[in-house]
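Student: Below is one structure. I have some questions about it.
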């Protein structure tokens, strides 16, 4: 990791000024770079780069180096860029500057005298470097020269570049269920920028929620989503306008996992609605193995919709009922005339009345159709596709189709009043 300073040298006329940063005054200098390097906290950079055109090099570079010598800076590296505005030239500026930055570098940047649109190009480069090379932006300076005043301020615009990191971190959470970037940005010294996300409690809540999604911990997802969204509601009350926008993105993504009514602990319509929302999120995040797992268990759980009230999902009685769910899957996977449940025949007998109700309501045929194909795909994930030459190529489109069919089936179960009451 290196400490890097990058600035731009223009071709205009430079006049002496008394620059200061937050009231800390530098010696009078013609070049804002001299003041910034003099006032640098540790007064040390591994590399100092000055970006300039041929014209600005010939006009000012030697004079700048002489002034820097006066504050103890003896090694300065020039980066020359072209002066035309052709698209290929702008791209060359971008790549030329990027070639001097290594992974993990810490950057102090000055944009005061950027040549025409170069600051715009370089701002894009900074955003790219934050993502692609994990650079840390320590400061982004602009020297506001004021000829008629005793002091000219140098302002730090770093905060506007930190916003890029926060927004990228939040989008990773929303789009990929990935909290890693959010945790890393929150750990940096960002001077309270978007402090609502710097709270370890809210980062941990997001982490636990996404962990539940990825681990298909279906019975805790609702609770963890509710906890995370409660924290968001509290943060929104004091958040900045920018913070509210980003918090709103997270809220909109996960609000479907909670409801106004507490979970009953039974296999009712509310339970299956949450399962469908989880499947939807997993498919959106392209977590296909997890999505297929939930869909397979959703089919199995339909065999438990008449589970008695005392047999709650979360207790030992409820967990024992899962063997009934597996028998129900076998009832669907095999035709009626091919049933052979052996030692589990008694369980099959207890499920037969529900099976018949489903059949009378026209649910068994579509449920059997979707379960047979769905299980084939889920088994592929279970066995790392070793029984095939390669993974099926239509996993994503099939997943969407299975989701739609399951949604229709659950709607049919509700319409026929077959959920436990």
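Student: Before we move on, is residue 49 crowded, with 18+ Cβ neighbours inside 10 Å, within 23 Å of residue 105 (Cβ to Cβ) and at pLDDT below 90?
Tutor: No, not satisfied.
Student: State which residue is surrounded by the most Cβ atoms within 10 Å (Cβ to Cβ) when the search covers only the range 216-232 and only residues that are outside any helix (DSSP H, G or I) and in contact (Cβ under 8 Å) with a residue 40 or more places away in the chain.
Tutor: Among those residues, the one meeting the criterion is 218.
Student: Residue check: is residue 153 at pLDDT 80 or above and in contact with a strand residue (DSSP E or B) (Cβ under 8 Å, 6 or more places away or on another chain)?
Tutor: Yes; evaluated as a whole, the condition is true for this residue.
Student: To continue, here is another question. Please name all residue pairs, on different chains or six or more residues apart, with Cβ atoms under 7 Å, provided the first residue is in the range 233-246 and is assigned to a loop (DSSP other than H, G, I, E, B) and the second residue is surrounded by 11 or more Cβ atoms within 10 Å (Cβ to Cβ) and modelled with pLDDT of 80 or more.
Tutor: Qualifying pairs under 7 Å: 239/247.
Student: Next question. Here are some residues: 73, 97. Which one is in the same structural domain as residue 138 (by TED's automatic domain parsing), modelled with pLDDT under 90 and in a helix (DSSP H, G or I)?
Tutor: Exactly one residue qualifies, and that residue is 97.
Student: Out of curiosity, is residue 106 under 40 Å from the mean Cα position of the chain (by Cα) and over 24 Å from residue 152 (Cα atoms)?
Tutor: yes
The values are calculated or read from the model by the stated rules, or taken from the named source; none is laboratory data. Everything numeric in this text was worked out from a predicted model, so none of it was measured. Don't worry about glycine lacking a Cβ; one is built from the backbone with ideal geometry, like all the others, and counts go over all protein chains shown.
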